[in-house]
Amino acid sequence: MRKNRIAPRSMLLLFYFCLAIPLAPAASPIPRDSTAQGELPHWFPDSAIFPRRVADGQTPQLSLSKDFDSKRIIGSIGGLQRFFQTSLGGFPLQIGIGATVYGNFIRKPDVLDVVTVDFFVDLPIDIEISERLVLRTGWGHYSAHLADDGIEALHLHSINYAKDYVPLVAAYKIPQIGGFAYGGFRFDYYTIPEVGKHWVVQLGSEFGNIRASDNFTLYGAIDLKSRQEISWATTRSFQVGLRMLTTGSRAVRFAYTYRTGAEERGQFYTEQATVSLLGVFLDF
């Protein structure tokens, strides 16, 4: 059996490189050229072509959440940076680079026990087909690890869990609901420990985006995933939140998330879990 090919140390080095990207000054967006030349290439576009899937528990992000029903805390460090934009056959095309480290912690009186650490690397390619329809493909890697604290507290042996994948997802803007819907699949062409079970199906929506004031917007979101590796069991996420300090694709969000169904942490992929999370998210 092939071992996980990206070690945690290498993943962290790549993560720190990706995390530094948002500190680079973003270039002013170039207006779309209506001539046959299409859109001129430019670096670090301000606005994202593909919308953020806020209810997805594995999306690239910088966040901290607390579970109401346990001592569990979920933190993520990372995000997705829009890296380059050009035009392909008259269609705007945007390339990104992202990395996220997800940590799950158990709060104790004097210490936080680190239970699991999950690493994500994403290289998305987004294509705007029309003013409403956008497609995403690209490449990604995911590996899940049981931390030393988790091994000691749970008395478990870690498993070798990793995936290399190619997504194909469409997002469609729906003004009538004040948001958008998305759907598609992920093909895990390399996957362990389950072999020969390659598919993940995902559907979701963001809606509302009701302006409460000049600085605050209320929204709701749903995300549903079904994974072949666990006989198509589903993970269902429901989120309501408040978005503030919005500038282009950048914002601060406070949100409540109810997530139930199949565990998304790879070390516990055969188990079921329910969490009620209150969190803060920094979108960039």
Selection from segment 107-142 of residues farther than 30 Å from THR86 by Cα and either without any contact (Cβ under 8 Å) to a residue 24 or more places away in the chain or under 14 Å from the mean Cα position of the chain (by Cα) (or both) yields PRO109, ASP110, VAL111, ASP118
If we keep only residues of segment 239-251 that are at pLDDT 95 or above and not basic (Lys, Arg), then the residue farthest from ILE210 (Cα to Cα) is GLN239
Count of segment 59-82 residues which are in a loop (DSSP other than H, G, I, E, B), of a type outside the set (Val, Ile, Thr) and either on the phi > 0 side of the Ramachandran plot or surrounded by 19 or more Cβ atoms within 10 Å (Cβ to Cβ) (or both):
2
Being at pLDDT below 95 and more than 15 Å from PHE119 (Cβ to Cβ): is that true of LYS66 here?
no
Report yes if ALA162 is surrounded by 14 or more Cβ atoms within 10 Å (Cβ to Cβ), hydrophobic (A, V, I, L, M, F, W, C) and touching an Asp or Glu at 6+ places or on another chain (Cβ under 6 Å), otherwise no.
no
Which residue out of LEU93, LEU88, LEU64 is of a type in the set (A, V, I, L, M) and under 16 Å from the mean Cα position of the chain (by Cα)?
LEU64
List pairs: first residue in segment 160-180 and outside any strand (DSSP E or B), second residue among the small types (Gly, Ala, Ser) and surrounded by fewer than 20 Cβ atoms within 10 Å (Cβ to Cβ) anywhere in the structure, Cβ distance under 6 angstrom, at least six positions apart or on different chains.
GLY178/GLY208
Kindly check whether there is at least one residue in segment 128-148 that is assigned to a loop (DSSP other than H, G, I, E, B) and within 21 Å of ASP223 (Cβ to Cβ).
yes
For a quick check of your reading of the model, give me the residue pairs whose first member lies in segment 186-198 and is closer than 20 Å to LEU135 by Cα, whose second is at pLDDT 95 or above and loosely packed, with under 13 Cβ neighbours inside 10 Å, with beta-carbon atoms closer than 9 Å and at least 6 apart or on different chains.
ARG186/LEU168; PHE187/LEU168
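The values are calculated or read from the model by the stated rules, or taken from the named source; none is laboratory data. Everything quoted here is computed from the prediction, not taken from an experiment. Positions of Cβ are generated from backbone atoms using ideal geometry, with glycine treated the same way; all protein chains shown enter the neighbour counts.
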